[in-house]
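Structure, as structure tokens:
Only the coordinates and a few stated rules stand behind these numbers; no lab work does. Note that the structure is predicted; figures quoted are calculated from it, not measured. No Cβ is skipped: glycine too gets one built from the backbone with ideal geometry, and neighbour counts run over all protein chains shown.
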Amino acid sequence: MRCLITGFEPFLERSENPSMDVLPLLKNEVVGCEIETLLLPVIFDQVFDDVKTMIDTFKPDIVIHLGLAEDRDKIALERVAINIKDARGKDNIGNCPIDEKIVIGGQPAYFSSLPLRKFEAVLRQENIPVYVSNTAGTYVCNNVMYHTLHYIAQNNLPIIAGFIHLPLMKEQAKEDEKAMPLQEIKKAISLMIQSVCTKALN
Ligand code: PCA
């Protein structure tokens, strides 16, 4: 099994991003699964470039995109990506698209093909706060999720893919902010990868 995990650079007023910090902790974490990681720019027009290259060359069985949602206090398993760019703030090169389509002529939305309820159950068992979220927003995270699912659909690829939003990590949060220790975030992601790899091995 090959698994591509992506994270994001810091953006807007934050100087850290747990989805970036967790990447180096994931390599060789899951027996039977070859994990590649990729750090993505928070740039609407460039975010999919390296993902596409990695899908074509590494040929993953699973793609899991990770990003920060600082208003969430649980691991958020995103159900759906919608065909809209509607930025609440500028991306990292100053673009701020409003009401634009991600793919002109593309379908309105794609559902995640990751086993979200299985992930939810695996994390609940370990008492890690988690839920299935019905919006990935309309900023760069939704954008990459849409692009990836669209590319997989268009090319009929045997890949399951989706997006998971992370809370702030304790190490970066102010005292009054909701957050999760980086080690717990790492454990959560490893458990989810393990659950899909184990299923494939059986
Ligand atoms: N979160 C942003 C983009 C990068 C990230 O980590 C989002 O939720 O769209």
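Assuming 0.36 nm per residue, please report the length gained on full extension of the stretch Glu13 to Lys90 beyond their Cα-Cα distance. Working shown, then result.
Numbers: separation 77, 0.36 × 77 = 27.72 nm, distance 1.06 nm.
Gain on extension, Glu13 to Lys90, equals 26.7 nm.
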If I model a spin label at Asp49 and Glu100 as a point 7 Å from the Cα along the Cα→Cβ vector, what separation in nanometres do I get? 1.5
Mean separation of Cα contacts under 8 Å (6+ apart) over length of the range 1-100, as relative contact order %: 34
In nanometres, what is the gap between the two model label sites at Lys118 and Asp56, each 7 Å from Cα along Cα-to-Cβ? 3.0
If you scale each eigenvalue of the Cα gyration tensor by 5 and take the root, what three semi-axes come out for the range 66-202, rounded to whole angstrom and sorted largest first? 25, 22, 11
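Remind me, relative contact order of the range 5-48 in percent, using alpha carbon pairs under 8 angstrom and six or more residues apart? Kindly include the intermediate steps, with their values, before the conclusion.
Values: 52 pairs, mean separation 19.7, N = 44.
After rounding, I find 45 percent.
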List every residue whose amide H lies under 5 Å from the amide H of Ala161, counting only residues 5 or more places away in sequence or on a different chain, with H placed 1.01 Å from N in the peptide plane. Val63, Ser113, Leu114
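By count of other Cβ within 10 Å, fewest leading, how are Thr135, Thr37, Thr53, Thr6 ordered? Working shown, then result.
Working: Thr135 14, Thr37 18, Thr53 11, Thr6 24.
In order of increasing Cβ crowding within 10 Å: Thr53, Thr135, Thr37, Thr6.
Rounded to the nearest 20 Debye, what is the dipole magnitude of the range 25-164 about its Cα centre when Lys and Arg each give +1 and Asp and Glu each give -1 at the C-beta?
On the way: 13 positive and 18 negative charges, 68 e Å.
The calculated dipole for the range 25-164 is roughly 320 debye.
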So how many Lys-Lys pairs in the range 27-102 land under 26 Å Cα to Cα, not counting same-chain pairs under 8 apart? 10
May I ask for the percentage of alpha-carbon pairs in the range 1-47 that lie more than 16 Å from each other? 44
When the Karplus curve 6.51 cos²θ - 1.76 cosθ + 1.60 is applied with θ = phi - 60°, which whole-Hz ³J(HN,Hα) does each residue of the range 102-115 get, with x for Gly and Pro? 6, 10, 5, x, x, 5, x, 7, 10, 7, 4, 9, 6, x
Table column - 3J(HN,Hα) (Hz), the range 146-152, Karplus curve with 6.51, -1.76, 1.60, x for Gly and Pro: 4, 4, 5, 5, 5, 5, 5
Name every cysteine in the chain that ends up alone, with no second cysteine's Cβ under 4.7 Å, or say none. Cys3, Cys96, Cys141
Restricting the count to DSSP beta bridges whose residues both fall in the chain, what percent are antiparallel, rounded to a multiple of 5? 20
